[in-house]
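As C-alpha cells, the structure follows; a few thoughts come after it.
The values are calculated or read from the model by the stated rules, or taken from the named source; none is laboratory data. These numbers were taken from a predicted model, which means no experiment stands behind them. Heads up, the Cβs are rebuilt from the backbone with ideal geometry, glycines too, and the neighbour counts pull from every protein chain shown.
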Amino acid sequence: MRTKPQLSSAQIWTMSIGFLGIQAGFALQNANASRILQTFGADVGSLSWFWIVAPLTGMIIQPIIGHYSDHTWGRLGRRKPYFLAGALLAAVALVFMPNSAMLSAIVPPLLVGAGMLTLMNASFNVAMEPFRALVADLLPDNQRTLGFSVQTFLIGVGAVIGSWLPFILSEWMGVGKHTPNGEVPVNVIISFYAGAAMMVGAIAWTIIKTKEYPPEIHRQFQSDDQPAESHQHKGLSVILKDIAGMPKTMKELGIVQFFSWFALFAMWVYTTPAVAQHVYGTIDPNSEAYQKAGDWVGVLFGVYNLVAMFFALALPGIAARTNRKITHAISLTFGAAGLISIFFITNPYWLILSMVGIGIAWASILAMPYAILAGAIPPAKMGVYMGIFNFFITIPQIISSLANGPIVKYVFHSDSMYAILMAGVCLLIAAVSVVFVQDKG
C-alpha cells in the first residue's frame, strides 16, 4: 500500500476555500430564514415545520451524492463536479428566497419562500458532502485533524461574513433601516445577493486550484484487506448494504451527533424569536424592534462563528495534548453553558459572552467527529460513509422540527426561550456520550 504524501499548508487551505462560500450562504439562511418566513405570514409555532426541509433533503441527498462521487471521475475530477452543481443551484435559491413576494400574484409568497428554502438546502447538501470526503481523500491520517480544522476555520470566516452582512448594511450604512411592514428589508435582500456571488466564486477557486488523485492512484492508497472501488455496483442496494455494515465508531458517534444537532437546530430556529421576545420586548415580526432583534441575532451568530474560526486552529494542538474525545467533550460542555446562559440574560451585549461558549462547541462539532470517523472508514467508501454519517445530523434535526413546534406552542406556551434552554441540556448529554466512543486514531 502506498502512503499518501504530505500536503503543504497552502494546498490544505486551498482545497477547503469553497466551504467559505458555502457557509456564507448557509449563515445567511440560518440567521434570516425564520424572520423572512414570518414576514410572509408564518407563526412561531410553525417555524420548525418549514425548517424540516433542511434535514430531510440532507438525509436523502448526501448518501446518494457520497456514493456516486465515490464512483465519479470526469474532466473536473471526482468530488468537484458536485461542488459546482450545488453552488450554482444554491446561488439561484439565495437570489430568489427574499424576493418571493414578487410572485405573490401567482403563488402565496410563503409557499415560494418555503420552496426556495428547500432548494437552497438541497443545493447546500450537494456541495457540502463531497468537501468532507475531499479532505479524507487527499490527506494522510496525521494531517486529517489539521485538514478538518482548517475547513472549520474557513467555515467560520464565511459564516461571520454571512451573519454580519445584514447588520453592517443596516446599522453602518442605513440600508433597509426603516422597511415598511410586510416587506423583507433591503439589507437582507442585498446580503443574499452577495452570499450567492461569494459562494460561486469560492467554489470556483477550489475547483481550479485543487487536483484530485485519479482512480488508479487513489487505489494505491488502499490496503489489500480493504474493498476495491467498483464502478459496476451502484445504487440504492449498495447504499443500504453500507448502512448495515457501518463501523462501530460511526454508530457510537451517532449518539453524540444526535444530541449535538438536535440542540443546534433548535438554536437556529428559535434564537431570533427568543431574543426578540425576552431582550427586545416584542413578538411582532413586522415591528422595527423585531427587525433589530433579527439583525442582532445575525451579529451573535457571526460571533460564535468567529470564535469557532479561531478555536478550530487550536483543536489539533489540544487534541495532541489530550485526545480527540476529551477535546470534543470539553468543547460541547462550553457550548451547553453558552446556550443555557441565554435564558438568564436580558442585555443584548451580554449575549456575546454566551456565543463564545457556543462557538467553541461549533468548532469542535464541525471538526472532531469527522477526524475520529475518517480513521474508521475504508478509503474506497469514504464518500458514501461521510454521506451516511449525515443521517446522524439530519435525523435529530427532523425529530427536532417535528417535536419542537408542538412543544414550544403547547408546553412552553409559544415562549421560544425554553427551546434554547432545552438545547443546552442536549449539548450536555452529547458531551457525556463522547466518552464512550471508540477512537482508532
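Counting only residues that are among the β-branched types (Val, Ile, Thr), buried (at least 23 other Cβ atoms within 10 Å of the Cβ) and closer than 21 Å to Ser416 by Cβ, the stretch 297-341 holds 1 of them. When the stretch 278-296 is filtered for residues that are surrounded by fewer than 24 Cβ atoms within 10 Å (Cβ to Cβ) and among the aliphatic types (A, V, I, L, M), the ones remaining, listed by number, are Val279, Ile283, Ala289. If only residues of the stretch 1-44 that are surrounded by fewer than 19 Cβ atoms within 10 Å (Cβ to Cβ) and under 21 Å from Met97 (Cα atoms) are counted, the one that is modelled with the lowest pLDDT is Asp43.
Among the residues of the stretch 107-143, which ones are assigned to a helix (DSSP H, G or I), within 22 Å of Thr39 (Cβ to Cβ) and not hydrophobic (A, V, I, L, M, F, W, C)? Residues satisfying the conditions are Pro109, Gly113, Gly115, Thr118, Asn121. Could you go through the stretch 362-380 and let me know if any residue there is surrounded by 19 or more Cβ atoms within 10 Å (Cβ to Cβ), aliphatic (A, V, I, L, M) and at pLDDT 95 or above. For the stretch 362-380, residues surrounded by 19 or more Cβ atoms within 10 Å (Cβ to Cβ), aliphatic (A, V, I, L, M) and at pLDDT 95 or above: absent.
Inspect the stretch 181-199 for any residue being modelled with pLDDT of 90 or more and of a type in the set (S, T, N, Q) and give the result as yes or no. Yes, the conditions are met somewhere in the stretch 181-199.
Kindly check whether there is at least one residue in the stretch 154-177 that is farther than 24 Å from Ile352 by Cβ, more than 18 Å from the chain's Cα centre (by Cα) and either in contact (Cβ under 8 Å) with a residue 12 or more places away in the chain or buried (at least 22 other Cβ atoms within 10 Å of the Cβ) (or both).
Step one: list which residues in the stretch 154-177 are farther than 24 Å from Ile352 by Cβ, which gives none.
No, every residue in the stretch 154-177 fails to be farther than 24 Å from Ile352 by Cβ, more than 18 Å from the chain's Cα centre (by Cα) and either in contact (Cβ under 8 Å) with a residue 12 or more places away in the chain or buried (at least 22 other Cβ atoms within 10 Å of the Cβ) (or both).
Can you pull out the residues in the stretch 238-254 that are closer than 10 Å to Ile388 by Cα, modelled with pLDDT under 80 and assigned to a helix (DSSP H, G or I)?
Initial filter on the stretch 238-254 (closer than 10 Å to Ile388 by Cα): 239-240, 242-243, 246, 250.
This time we only want the ones that are modelled with pLDDT under 80, so: 239-240, 242-243, 246.
Hits for the stretch 238-254 are Ile239, Leu240, Asp242, Ile243.
For the stretch 263-298, which positions are in a helix (DSSP H, G or I), more than 25 Å from Val425 (Cβ to Cβ), in contact (Cβ under 8 Å) with a residue 24 or more places away in the chain and over 17 Å from the mean Cα position of the chain (by Cα)?
Pass one, the stretch 263-298, residues in a helix (DSSP H, G or I): 263-278, 288-298.
Next, from what is left, pick out any that are more than 25 Å from Val425 (Cβ to Cβ): 288-292, 294-295, 298.
Next cut, in contact (Cβ under 8 Å) with a residue 24 or more places away in the chain only: 288, 290-291, 294-295, 298.
Hits for the stretch 263-298 are Glu288, Tyr290, Gln291, Gly294, Asp295.
The set of residues in the stretch 422-438 being at pLDDT below 95 and surrounded by fewer than 20 Cβ atoms within 10 Å (Cβ to Cβ) consists of Val435, Phe436, Gln438. Within the stretch 62-85, identify whether any single residue is part of a helix (DSSP H, G or I) and within 30 Å of Ile407 (Cα to Cα), and answer yes or no. Checked against the condition, which is being part of a helix (DSSP H, G or I) and within 30 Å of Ile407 (Cα to Cα), the stretch 62-85 yields at least one hit. Considering the stretch 101-149, and only residues there that are of a type in the set (Gly, Ala, Ser) and crowded, with 24+ Cβ neighbours inside 10 Å, the residue that is modelled with the lowest pLDDT turns out to be Gly113.
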